[in-house]
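Visitor: Can you read through this structure? Questions will come right after.
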Amino acid sequence: MDTRVKSSEFGAGYRSKIALGKTLSYILLIFLLILCIFPFYILIINATRLNAEIQSGFTLLPGRALTYNFKNLFSNENLMILRALWNSIFVSGSTALLTTYFSAMTAYGIYAYNFKMKGFVFTFIMVIMMVPVQVSTLGFIKLITEMGLMDTLLPLIIPAIAAPGVFFFMIQYMRSVLPHAIIEAARIDGSNEFRTFNTIVIPIIKPALAVQAIFSFVASWNNFFVPALIINSKEKKTIPIVIAQLRSADYMKFDLGQVYAMIAVAIIPVLICYLLLSKYIIRGVTLGSVKG
Amino acid sequence: MKTQTSYKRRRSVSYAKWGYFFIAPFFIIYFTFQLIPLLSTFYNSFFESYRVGLTQVGPNFVGFQNYVQILTESELPRFAANTFILWIIGFIPQILVAMALALIFTSYRLNIKGQGIFKTVIYMPNLIMASAFSMLFFALFSDQGPVNILLVSTGIIDEPFRFLSNTNATRGLIASMNYLMWFGNTTILLMAGIMGIDQNLFEAAEVDGASSVNVFFRVTLPLLAPILIYVLITSMIGGIQMFDVPQILTNGNGNPDRTSMTMIMYLNKHLASKNYGLAGVVSVLIFIVTGIFSVFVYRSLTKSSREEKKIINKKYKVKRKGGSYGY
């Protein structure tokens, strides 16, 4: 009897405690939600307003100068934004393709075959995974200069073939979905090893390829450090370099409508892709948690 | 069983060359564009090589002179301290908020609705171009920017606050951006960690009458320790590489008075001005520090499974001693 009374008392307090916890949790979540969305909201609003409007005040409602700002931005000959947009798409697209395909290939080489150096090769790739790109940039610039590839887009694309992080994701994925029996079966059917990889393995690991393609596209799209040191000429610039150029110019003399439109051009495409694919991306974050 | 292995071995020997074929592109590209440049960077750190105007000085071999110069005369130690400060004031709120969110999301008692939307939104800033995000903050917090307009018009302050001329405000802005960009990612990692903990442990603790605070400190936190260490160290490694955000926000100067200049920004300055000797030294030092941290990452990863087992054993033992809820 005694215990029953106690437990019911405990129950009532418990329930109100949960309700309080729930309310507080939702308040925290909504606060963080607003915090995350707010900067982007102002960005979109200000991209639709005229320079004078932006400088005179701040509203929560969009203006009517969206097309005007974009027209000005796209025809601005100092920025050559359309050219930069194309360069960025070209570099990021090629990077995503190369990085996913060749990382899958490397992972398959280690997953499917036994060879003498296998253990060493795997450990080696795991070790180099943590080396930051910045520390080899000096040598990279020297090498690129010697190769005569300075101020071209190629050095931003080709190195993507060796991507330890993507490799690690791929081999983890293969371990979970790719049975050795399938490879054996393909062999018995007389398939050439390279063909087996291209026609049987690639379709099986498509989800992993898709996730990594998105990640590497975005990483390359956002990449700033190395491109800024390699690209000089106007026609070769990618979006982040143009952003930096915008920052180093005399900011107050700029048409702010164009500034916001420019930032929108850099951010919105990724934002839209993300919102469409967020389910897969968030799952990918968890899967690749060791990637760092 | 025995025949199977020997069969396997025989098959694999004949296919070994394919293994090399598949890994060849990776290694050719890696050696050409990463390893050789890395070694060349090390090599260059021992040479005097810089530009004064149009004349190139060196390269002349000078041994460790560049190292001595960087460590005693340059401001690198100060920039290392800056980098650490910028990282830590972003990391503390990041880990606290991420922890709270991970607990909220995984609590079946709170049973939060609309988790998908929340997770989607909090992860979003992570994919945004850091330089554009920084440019956006620069525009928002500039002297005549929307934030100042808002603060003045609502009467909170009398005249525009110059965020970028104030050390704490600039550092705060950089840290907030890093926080916004990474707390969603950390939340997702911690959630995966919490969901990976054996649910029986939580149930057992609850049946034993442990308060939720006790459950958090005695069960969740110790079992999450390896992931927390992983998050901490990978975040530190990321912090060492901090560049895009402060570079754009301060236009590469680390204003005010280079108090927000990071190590990579300093490296970038030397690289851009072709001061290769000193750039080499900075690269080597960053490489060493990152290497030390990486060792801890591997330790924490390999240790995690062992320690988890230990704690689970301890818990079950305690439970068995109690005797009431044995299986």
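The values are calculated or read from the model by the stated rules, or taken from the named source; none is laboratory data. These figures come from a predicted structure and were not determined experimentally. All Cβ positions, glycine included, derive from the backbone under ideal geometry; neighbour counts span all protein chains shown.
Visitor: Looking at region B:114-134, I want the residues that are over 26 Å from A:Met262 (Cβ atoms) and have a partner that is in a helix (DSSP H, G or I) and among the β-branched types (Val, Ile, Thr) with Cβ atoms under 6 Å, at least 6 apart or on another chain. Which pairs are those?
Guide: Close Cβ pairs satisfying both conditions: B:Lys119/A:Ile282.
Visitor: Can you tell me which of B:Ile233, B:Ile197, B:Ile188, B:Ile229 is closer than 26 Å to B:Ser107 by Cβ and either at the interface with chain A (Cβ under 10 Å from one of its Cβ atoms) or among the basic types (Lys, Arg) (or both)?
Guide: Answer to the selection: B:Ile188.
Visitor: Then there is this: Does B:Ser40 satisfy the condition of being modelled with pLDDT under 80, assigned to a helix (DSSP H, G or I) and of a type in the set (Gly, Ala, Ser)?
Guide: no
Visitor: B:Leu76: within 26 Å of the chain's Cα centre (by Cα) and modelled with pLDDT of 90 or more, yes or no? Spell out the reasoning first.
Guide: Values: within 26 Å of the chain's Cα centre (by Cα): yes; modelled with pLDDT of 90 or more: no.
No, not satisfied.
Visitor: Could you check how many residues of region B:37-76 are out of contact with any strand residue (DSSP E or B) (no Cβ under 9 Å at 6 or more places or on another chain), of a type outside the set (Gly, Ala, Ser) and closer than 17 Å to B:Leu285 by Cα?
Guide: Initial filter on region B:37-76 (out of contact with any strand residue (DSSP E or B) (no Cβ under 9 Å at 6 or more places or on another chain)): B:37-43, B:45, B:52-55, B:63-64, B:67-76.
Filter once more, so that each one left must be of a type outside the set (Gly, Ala, Ser): B:37-39, B:41-43, B:52, B:54-55, B:64, B:67-73, B:75-76.
Keeping just the survivors that are closer than 17 Å to B:Leu285 by Cα gives B:37-39, B:41-43, B:64, B:67-73, B:75-76.
Within region B:37-76, residues that are out of contact with any strand residue (DSSP E or B) (no Cβ under 9 Å at 6 or more places or on another chain), of a type outside the set (Gly, Ala, Ser) and closer than 17 Å to B:Leu285 by Cα number 16.
Visitor: OK, next. Which one is nearest to B:Gly277 (Cα to Cα), of the residues in region B:34-67 that are more than 11 Å from chain A (Cβ to nearest Cβ) and within 29 Å of the chain's Cα centre (by Cα)?
Guide: B:Asn66
Visitor: I've got another one for you. Pull out all pairs, ordered by first then second residue, where Cβ-Cβ is under 7 Å, the residues are six or more apart or on different chains, the first lies in region A:63-88 and is more than 20 Å from A:Arg247 (Cβ to Cβ), and the second is at pLDDT below 85.
Guide: A:Gly63/A:Glu53
Visitor: So which residues in region A:186-212 are buried (at least 19 other Cβ atoms within 10 Å of the Cβ) and under 23 Å from the mean Cα position of the chain (by Cα)?
Guide: Within region A:186-212, A:Ile205, A:Ala208, A:Leu209, A:Val211, A:Gln212 meet the criteria.
Visitor: Among the residues of region A:214-231, is there at least one that is over 30 Å from B:Ser283 (Cβ atoms), in the same structural domain as A:Met150 (by TED's automatic domain parsing) and not hydroxyl-bearing (Ser, Thr, Tyr)?
Guide: If we filter region A:214-231 for residues that are over 30 Å from B:Ser283 (Cβ atoms), which is where we start, we get A:214.
Adding the requirement that they be in the same structural domain as A:Met150 (by TED's automatic domain parsing) leaves A:214.
Retained after the next criterion (residues that are not hydroxyl-bearing (Ser, Thr, Tyr)): A:214.
For region A:214-231, residues over 30 Å from B:Ser283 (Cβ atoms), in the same structural domain as A:Met150 (by TED's automatic domain parsing) and not hydroxyl-bearing (Ser, Thr, Tyr): present.
Visitor: Let me confirm something: among A:Ser248, A:Ser233, which residue is of a type outside the set (A, V, I, L, M) and either over 30 Å from B:Asp143 (Cβ atoms) or under 21 Å from the mean Cα position of the chain (by Cα) (or both)?
Guide: A:Ser233
Visitor: Would you mind finding the one in A:Leu98, A:Leu138 that is in a helix (DSSP H, G or I) and either facing another protein chain (nearest Cβ under 8 Å) or at pLDDT below 90 (or both)?
Guide: On the way: A:Leu98 fails: either facing another protein chain (nearest Cβ under 8 Å) or at pLDDT below 90 (or both).
Of the residues listed, the single one that is in a helix (DSSP H, G or I) and either facing another protein chain (nearest Cβ under 8 Å) or at pLDDT below 90 (or both) is A:Leu138.
Visitor: Next question, about the same structure. Hey, among the residues in region A:222-271 that are of a type in the set (Ser, Thr, Tyr) and closer than 24 Å to A:Pro155 by Cβ, which one's farthest from the other protein chains (Cβ to nearest Cβ)? Walk me through it before giving the result.
Guide: Of region A:222-271, the ones of a type in the set (Ser, Thr, Tyr) are A:233, A:238, A:248, A:251, A:260.
If we keep only those that are closer than 24 Å to A:Pro155 by Cβ as well, we get A:233, A:238, A:248.
On the way: A:Ser233: 16, A:Thr238: 10, A:Ser248: 6 Å.
In this case the residue turns out to be A:Ser233.
Visitor: How about region B:116-131: which of its residues are of a type in the set (Val, Ile, Thr), part of a helix (DSSP H, G or I) and at the interface with chain A (Cβ under 7 Å from one of its Cβ atoms)? Write out each step before concluding.
Guide: Let us first name the residues in region B:116-131 that are of a type in the set (Val, Ile, Thr), namely B:117, B:120-122, B:128.
Applying the additional criterion that residues be part of a helix (DSSP H, G or I) yields B:117, B:120-122.
Listed by number, the residues that qualify are B:Thr120, B:Val121, B:Ile122.
Visitor: How do the helices (runs of 4 or more DSSP H) wholly within region B:198-300 filter down when requiring 1 or more residues that are in contact (Cβ under 8 Å) with a residue 40 or more places away in the chain: which remain?
Guide: B:199-207, B:221-240, B:244-249, B:263-272
Visitor: Considering only region A:47-75, how many residues are within 29 Å of B:Gly116 (Cβ to Cβ) and either in contact with a His (Cβ under 6 Å, 6 or more places away or on another chain) or assigned to a helix (DSSP H, G or I) (or both)?
Guide: 1
Visitor: Here are B:Val207, B:Val231, B:Val245: which of them is among the hydrophobic types (A, V, I, L, M, F, W, C) and more than 30 Å from A:Val135 (Cα to Cα)?
Guide: Every option except B:Val207 fails the conditions.
Visitor: Across region A:108-156, what is the total count of residues that are over 22 Å from B:Lys274 (Cα atoms), within 24 Å of the chain's Cα centre (by Cα) and buried (at least 22 other Cβ atoms within 10 Å of the Cβ)?
Guide: Count: 2.
Visitor: If we keep just the residues of region B:158-170 that are part of a helix (DSSP H, G or I) and closer than 28 Å to A:Gln245 by Cβ, which is farthest from the other protein chains (Cβ to nearest Cβ)?
Guide: B:Thr167
Visitor: Next up: Tell me which residues, restricted to region B:138-157, are facing chain A (nearest Cβ under 7 Å) and in contact with a Pro (Cβ under 7 Å, 6 or more places away or on another chain).
Guide: B:Leu140, B:Gln144
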